[in-house]
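Comments concern the structure below.
The values are calculated or read from the model by the stated rules, or taken from the named source; none is laboratory data. Being a predicted model, the structure only gives us computed values, none of them experimental. A quick note on method: Cβ atoms are made from the backbone with ideal geometry, for glycine too, and the neighbour counts reach across all protein chains shown. What goes into the accessible areas is simple: the full protein's heavy atoms, side chains included, and nothing from ligands, DNA or RNA. Shrake-Rupley method; radii C 1.70, N 1.55, O 1.52, S 1.80 Å.
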Amino acid sequence: MTDPTDRPHVLMMSEITADGKLTLKKGASSKILMKYMSHETEILLHNTRAEYDAIMVGANTIRIDNSFLTVRYVTGKSPLRVIPCSMADIPLDANVLGPDAPTVIAVAESAPQDRVDAIRKKGVNVVVAGKTHVELPLLMRILREKFGVKKLMLEGGPTLAGAFADAGEVD
């Protein structure tokens, strides 16, 4: 667990089914659930994004949903998009690699250099946050120190949410 003063405050926000699931089944898009979200809830989601310095989802969420992770339904600045992707194998046509908002892809030292270079060519920041996989406490310190992130919104799926809970990184 990272010292809370060395890392951003972390808010976990997610849609959930009545029976407690974050998605309908493993590998299913969260957009299926989001289409049943009320407009008021969409406004709350986008207001929250606008209030936070950064937003994080995992690479699997990007592979499945191809999210933009921007502020759209309210006035406000889109947060820094942060995607942990240990092997730098995020699709190179992913929306988060576009110019809509700044993006950080966190990789491991063991990530193939050609993949890291391809991501950097998209104009995206790449940070190394672990040897064989992204270490969340280290990534949290990097976000705070290098990018000035004080408040991080975690909007990822069950894998990332579980990893943050296991690491004691959720406020």
Scope region 150-166; condition at pLDDT 90 or above and of a type in the set (G, A, S); matching residues: A163, A165
Odd one out for Y52 among (1) more than 16 Å from L160 (Cβ to Cβ); (2) touching a Leu at 6+ places or on another chain (Cβ under 8 Å); (3) not hydrophobic (A, V, I, L, M, F, W, C): (1)
Qualifying residue in region 74-87 (condition: touching a residue at least 12 places away in the same chain (Cβ under 8 Å), in contact with a His (Cβ under 6 Å, 6 or more places away or on another chain) and within 30 Å of L44 (Cβ to Cβ)): yes
Failed item in (1) closer than 14 Å to D6 by Cβ; (2) aromatic (F, W, Y); (3) at pLDDT below 95, with F147 passing the rest: (3)
Number of positions in region 75-130 that are of a type in the set (K, R) and either within 22 Å of K150 (Cα to Cα) or in contact with a Ser or Thr (Cβ under 8 Å, 6 or more places away or on another chain) (or both): 2
Restricting region 138-171 to residues that are farther than 21 Å from R63 by Cβ and in contact with a helix residue (DSSP H, G or I) (Cβ under 6 Å, 6 or more places away or on another chain), the residue that is surrounded by the most Cβ atoms within 10 Å (Cβ to Cβ): V149
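Table: residues versus (1) outside any loop (DSSP other than H, G, I, E, B); (2) in contact (Cβ under 8 Å) with a residue 24 or more places away in the chain; (3) touching a helix residue (DSSP H, G or I) at 6+ places or on another chain (Cβ under 9 Å).
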{"residue": "N60", "(1), (2), (3)": "yes, yes, yes"}
{"residue": "I64", "(1), (2), (3)": "yes, yes, yes"}
{"residue": "V71", "(1), (2), (3)": "no, yes, yes"}
{"residue": "D93", "(1), (2), (3)": "no, no, no"}
{"residue": "V104", "(1), (2), (3)": "yes, yes, yes"}
{"residue": "D114", "(1), (2), (3)": "yes, no, no"}
Some residue of region 110-129 being touching a Cys at 6+ places or on another chain (Cβ under 6 Å) and within 22 Å of T70 (Cβ to Cβ): no
Filtered residues of region 68-116 (kept if at positive phi and either open to solvent by 40 Å² or more (accessible area, probe 1.4 Å) or in contact with a Gly (Cβ under 8 Å, 6 or more places away or on another chain) (or both)): G76
Subset tally (residues that are crowded, with 20+ Cβ neighbours inside 10 Å and within 23 Å of G148 (Cα to Cα)) for region 46-67: 8
Breaking point among (1) within 20 Å of V10 (Cα to Cα); (2) part of a strand (DSSP E or B), for V126: (1)
